[in-house]
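Below is one structure, written out as structure tokens, with a few remarks after it.
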Amino acid sequence: MNTLHLKALLLAIETGSISAAARKLGKTQPQVSQWISDLECDLGVTFFERSGNKTSLTEDGQRLLPALTHSLGQLDHFIDSAYTLAKAEPTVLNIGIEHFLPESAFLQPLTEILSSSETASLNVDVYRDDKVGLVAALAAGEVDLILIHESEIVHHSQCEYCRLGGYHEILVCGVEHPLAKETTVSTALLSQYRELVWGDADADSNDGFSPSYGVFSDVSTVTQLLIQHQGFAFLPKDAVKSLIDSGQLVALDCDFETQTIARRVELCWRNGLALSKRGKAVITAFQQHHQLVTGLQR
């Protein structure tokens, strides 16, 4: 029994076909079929029920699948970590930040990275992208570390990660806007006015609170339009606090949220990065120097 045989078994399960697994491995179907048969003999377990050209996973195979997936994932982690240790310290680190994350998530960490003696000789390439693009780039090894809104995944198996905290998003409008005179606002009331969205201008559709909207990639554009009473917006509290304090914008209470909306943030990095001295310093900077709120309640 060796790891290639285990990988062949997992591929056969994932593709639903021993022939497909063989093609992916560049092997013949009889060879991969023999590997799986050998595993069944060695372990005393039948993984597949075979009927003609069809194979299906047995109940025992279904029970063992999570352990198989985890074990091979740990093996990949071990190999990536060994490669990292074999290489010299990185001279360039690629960092991806999701669109529309507020500066409280990354400004102080980047300042720490650029000024620290531990990372003084490290070149940093920082760029923005959507979550899908960042996760794909991390999986492909095109980026070292990404900062994204918390995903629905309970546990990331393809990378290392940590949850940092979050920020509050609030509903605001200009002081002379009709909504500013309301004690509380409803979704029906919001639908009567234009929503200003800090988001992706290339989005195909709008799933906001109003059929009339404008999408802007720059938050300062949104806030200036709000000051001119051109609509309402949901924005990070930190981005508009000074404008609220100075009386240029008003925070609105709504009947569909009992409090400001909590948006959580997580940090993901490629396997093995933390074994590098500079990589560890960068990860630590994001973990310790952000201004996100910890213990954030939904």
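Principal semi-axes of the equivalent ellipsoid, √(5λ) from the alpha carbon gyration tensor of region 167-261, are 18, 16, 13 Å from largest down. Subtracting the Cα-Cα distance of Ala251 and Thr187 from their residue separation scaled by 0.36 nm leaves 21.5 nm.
Of the two radii for region 90-170, the radius of gyration is 0.96 times the Kirkwood radius, both from the alpha carbons; that is the Rg over Rh value. Across the chain, the relative contact order, built from alpha-carbon pairs under 8 Å that are at least six residues apart, equals 23 percent. Derived scalar couplings between HN and Hα for region 145-156 equal 8, 10, 10, 9, 5, 4, 8, 7, 6, 5, 9, 7 Hz in order, rounded to whole Hz, by the Karplus curve 6.51 cos²θ - 1.76 cosθ + 1.60 (θ = phi - 60°), x for Gly and Pro.
For region 232-241, the Karplus equation 6.51 cos²θ - 1.76 cosθ + 1.60, evaluated at θ = phi - 60°, returns couplings of 10, 7, 9, 9, x, 4, 4, 6, 10, 4 Hz by residue, with Gly and Pro reported as x. Using a Förster distance of 35 angstrom, determine the FRET efficiency expected from the C-beta separation of Thr91 and Ala20, and round it to 0.05. For R0 = 35 Å, the calculated efficiency reads 0.30. Taking each DSSP H run with n ≥ 4 as -39500 (n - 2.57) and averaging over every residue of the chain yields -12000 deg cm²/dmol at 222 nm.
Take every Cα pair under 8 Å whose residues are at least 6 apart in sequence, average their separation, divide by the length of region 3-86, and the relative contact order is 23 percent.
Derived value for the chain: Kirkwood hydrodynamic radius 22.9 Å. Basis is the mean of 1/r over every pair of different alpha-carbon atoms. Averaging the sequence gap over all C-alpha pairs within less than 8 Å and six or more residues apart, then dividing by the number of residues, gives region 167-261 a relative contact order of 48 percent. Annotation: the residues His290, His99, sorted from fewest to most other C-beta atoms within 10 Å of their own C-beta, follow the order His99, His290. Between the Cα long axis of helix 3-15 and the first principal axis of the chain there is an angle of about 60°, rounded to the nearest 10. Other residues within the sphere of radius under 15 Å centred on the Cβ of Leu147, judged by their own Cβ, net out at -4 (K and R +1, D and E -1). Overall size of region 3-86 from C-alpha positions, given as principal axis extents largest first: 48, 27, 21 Å. Taking amide H positions as modeled 1.01 Å from N, with prolines and chain starts lacking one, the residues under 5 Å from Leu249 and 5 or more places away or on another chain are Ile244. You can think of it this way: the chain between Ser56 and Asp38 has 4.7 nm of extra reach, that is 0.36 nm per residue less the Cα-Cα gap.
Here's how it looks for Phe48: its modeled amide H is under 5 Å from those of Thr58, which are all 5 or more places away or on a different chain. Could you compute the FRET efficiency for Phe78 and Gln291, with r as their C-beta to C-beta distance and R0 at 30 Å, rounded to 0.05? Given R0 = 30 Å and the Cβ-Cβ separation, E is 0.25. Lysine pair count for the chain (Cα-Cα distance under 17 Å; residues 8 or more apart in sequence or on different chains): 4. Per-residue 3J(HN,Hα) values for region 127-141, derived from phi via the Karplus relation 6.51 cos²θ - 1.76 cosθ + 1.60 with θ = phi - 60°, read 9, 10, 7, 7, 4, 4, x, 5, 5, 5, 5, 5, 5, 7, x Hz in sequence order (x marks Gly and Pro).
Compared with the dominant principal axis of the Cα atoms in the chain, helix 59-86 is inclined by about 80°. Cα centroids of region 1-61 and region 259-277: how far apart, whole angstrom? Here the two parts' Cα centres lie 36 Å apart.
Exposure proxy for Thr28, Thr55, Thr284: other Cβ atoms within 10 Å of each Cβ, ordered fewest to most, give Thr28, Thr284, Thr55. With neighbours defined as other Cβ atoms within 10 Å of a residue's Cβ, the residues Cys254, Cys41 order from fewest to most as Cys41, Cys254. Loop-located trypsin sites (Lys or Arg not before Pro) across region 74-169 with a Cβ neighbour count of 15 or fewer within 10 Å are Lys87, with loop assigned by DSSP.
Each reported figure results from applying straightforward, stated rules to the coordinates on display, with no laboratory input. Keep in mind it's a predicted model, so treat the numbers as computed, not measured. When we count neighbours, we look across all protein chains shown, and the Cβ atoms used for this are built from the backbone with ideal geometry, even at glycine.
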